[in-house]
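Where a number appears in this text, it was derived from the coordinates with a stated rule and is not lab data. Remember, predicted model here, so these are calculated numbers, not experimental data. We place every Cβ from the backbone using ideal geometry, glycine too, and count neighbours over all the protein chains shown.
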Amino acid sequence: MQEIERVNVEKRLSDMAVYNGVAYLAGQVPDDARLDMEGQTAQVLATIDRLLATAGTDKSRILMAQIFVANMKEFDAMNRAWDAWVAPGNAPPRATVEARLANPDYKVEIVVTAALR
């Protein structure tokens, strides 16, 4: 049976689990919560890029994205960063919802699942 690989394991969670050809990322949040929505989103997407690279895959292989925003009034700013980042011709299925996030300074949290290469 194939082992589950976990990345950046902490007491409460791992940043990613890889199993059976799929990378499952935990919700990624910005490192700098002082940034505006576009900046926070870009920072989260860069983290996702790094994690996917660790698993040997990339954003063109995302199977599903779930985006949580603290305020839907900032939806357009989040989309500016997303649109600049998403792999052309490979926009994944996506859901975006408004939610109260764990840190009141977070504006966005993103969860993705991606196929390995």
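At full extension, D83 and L13 could sit 22.3 nm farther apart than now, given 0.36 nm per residue minus the alpha carbon distance. For a straight C-alpha distance cut-off of 29 angstrom, the lysines reachable from K73 (same-chain residues fewer than eight places away being disregarded) are K59, K107. Among (i) 30; (ii) 37; (iii) 49, which one is percent of Cα pairs over 22 Å apart computed from these coordinates? Here the calculated entry is (i).
Mark the label point 7 Å from the Cα of D49 along Cα→Cβ and return the residues of the range 86-117 whose backbone N is within less than 15 Å of it. In the range 86-117, the label zone of D49 (backbone N under 15 Å from the point 7 Å along Cα→Cβ) covers 86-88.
Sort F68, F75 so the one with the fewest other Cβ atoms within 10 Å of its own Cβ comes first.
On the way: F68 19, F75 14.
Placing the least packed residue first, the sequence is F75, F68.
Only beta bridges with both residues in the chain are counted; by DSSP, about 80 percent of them are antiparallel. Calculated mean residue ellipticity, 222 nm, the chain: -8000 deg cm²/dmol, from DSSP H runs (n ≥ 4) at -39500 (n - 2.57) each, averaged per residue and rounded to 500.
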